[in-house]
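The values are calculated or read from the model by the stated rules, or taken from the named source; none is laboratory data. This is a predicted model, so every value here is computed, not measured. Note: ideal-geometry Cβ built from the backbone for every residue, glycine included; neighbour counts use all protein chains shown. These accessible areas exclude ligands, DNA and RNA; they are computed on the full protein's heavy atoms, side chains included. Shrake-Rupley method; radii C 1.70, N 1.55, O 1.52, S 1.80 Å.
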Amino acid sequence: MAARSDQSGNQAQAQMVAGSAWMTAGSVFSRVLGAVYIIPWNIWFGAFYLQGNALYGKGYNIYSFFLIAAIAGVPSAIAKQVAHYNALNEYGISVRLYKRGLEIAIVTGIAIASLMYFGAPLFTGGDAHLIPVLHSLAWAILIIPTMSVTRGYFQGFQQMAPSAISQFVEQLVRVVYMLLTAYVIMRVLKGNWVTAVSQSTFAAAIGAAGGLIILGVYYWRRRGYFRGLVANSNNEMVVPANQLYREIIAQAVPFIVLGAGITIFQLIDQYTFAPIMHMAGNYSAAYLNDLFALFGVNANKLIMITISLASALAVTVVPLLSESYTRGNKQEISDQLANAFLMFEFVMIPSALGMAAVARPLNLVFYGRTHEALAASILAFSSYLSILLGLYTVVAALMQGISQNKRAVRYFLVGTVVKFIVQWPLVYFLGAFGPLIATGIGFTVTCYLIIHSLDRQFGINFAHIAKKTNGILIMSIGTFILARLITFAGSLLGSEGRMINFLIVAVAACVGGYFYVYMVLRSRLADTILGSRVAGLRRRLHIH
């Protein structure tokens, strides 16, 4: 019995690692693409760059909230429920569940896209430039729900490659369209910067169409596999269509709030920062717009690269937890929780500390010398904060995996109330750092409440986690110190050009990254977290 349990645990760990690898690769490549475009985009917008970037960020914050409302947690609900029925060998019900999910996605997509398009003037906060931007983003909401539900279906079968590849293609097509239209409008036609921003946001719809096509190709190629599973199902359960709708909605609706958590906090900043700062001093609207761009858009785009690592893990762990929860195996759930936390720390902590170490040259590469010192400090602070944001993403997914969305929503609402309470004094006295600190406090409260609840129910082995966490921290701090020394040495060269700073970042990332990989492989820490597969990597790198 014990051997079978160990085998099951090892298999779950292997599935989590393999799934996370695919989702991490897709998320990271997508986020990197989504950040790299900033450099030419910045150059082509010229003097209008900060205004354009602030408008782009404000539009995307509103769009992100509407998108989550349109998707309504359905993809994650589909992945969870598909995994649930697959564990019962009822694949026919999984297929029907997917079809019902598509129906919900199409209806909600049309409804939310219409609301966003025709109600755009109501959501601008007085900025008329936002109206064409919101109009352009509404088209993406027609496509993305269908794409997201299909990704959820694949994930329910532990097939992460289609999601990861479609995510990358979606971002690639989006970035190509963004850069092409930005260049033509701003440099060739010498056109209006608001029009260029609107086309850059319309790129979301173009990219979504590309991602959906990729998923369609994968589904067509694997249709025989899915039909075979359905043919060999138990076919003992009868689940009416109305019950399938109810299951999807019951799982999905609470996740609107959880999935929109980071976006909700960003919207709080978007609508409260300027009014509070106007009370704090006689600041111009243009200056406050620049500050918002620094902490709410520029830094956020870069830290989302590391947060995407946590998101990838979160997507992977939900169906695995759902299967264990369906079987009622508390020990297996406890082990998976510990694995999830360790995998999160293993990737997120060195990534966040590494970004903080190279904050100054990294900011110069992407954003130039505008508000240089303040921008670098905000990016470094945001990098540390990204650990908390990533942790929230993971723990919210863990609660969803064990069907406790409503409890997680309550905990999130507590954190949101805390954010509101501390927002005014922190922004008033600390300026651009105030919203970031308020966000950190709010998410700390939410994460603590969720982790405490999970521990009370399933008994998280904190001693086991702490022992490995100490090793991760020591090696991550070593990575930080190395990267920081290289950054300092590079700064002595005295050049502020993009190319020299790019080289500084590249060298620091390579040296720091190799140090971390070498140490976790040499100490065998990677084996205990990722499994025995890493032994092959250790042999190829000649590490003994």
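Before moving on, here are some points about what is shown:
- Accessible surface of the chain, 1.4 Å probe: 67 percent of it comes from carbon and sulfur atoms.
- Heavy-atom surface of the chain, accessible at 1.4 Å and reported per residue (Å²): 41 Å²
- Taking GluC sites (Glu not before Pro) in DSSP loop states with no more than 16 other Cβ atoms inside 10 Å as exposed sites, the chain has its longest site-free stretch at 237-495.
- Computed per residue of the chain from DSSP H runs no shorter than four, each worth -39500 (n - 2.57), the mean residue ellipticity at 222 nm is -29000 deg cm²/dmol.
- Using the Cβ-Cβ distance between Y225 and V176 with R0 set to 35 Å, the FRET efficiency works out to roughly 0.60.
- Over 32 Å apart at the Cα level, from the set K301/K419; K58/K330; K99/K419; K301/K406; K58/K467; K99/K406, are K58/K330; K99/K419; K58/K467.
- Extending 7 Å from Cα along the Cβ direction at N89 and again at V217 yields two label points whose distance is 3.6 nm.
- Debye, to nearest 20: dipole size of the range 298-455, +1 on Lys, Arg Cβ, -1 on Asp, Glu Cβ: 360 debye
- Summing +1 for each Lys or Arg and -1 for each Asp or Glu among the other residues whose beta-carbon sits under 12 angstrom from that of F458 gives -1.
- Under the simplified labelling scheme, the S491-L413 pair shows an inter-label distance of 4.6 nm, with each label point 7 Å from Cα along Cα→Cβ.
- Where labels lie 7 Å past Cα in the beta-carbon direction, separation of V239 and V511 in nm: 5.5 nm
- Dipole of the chain [Lys/Arg +1, Asp/Glu -1 at C-beta], most positive-end residue of F118, N42, V95: V95
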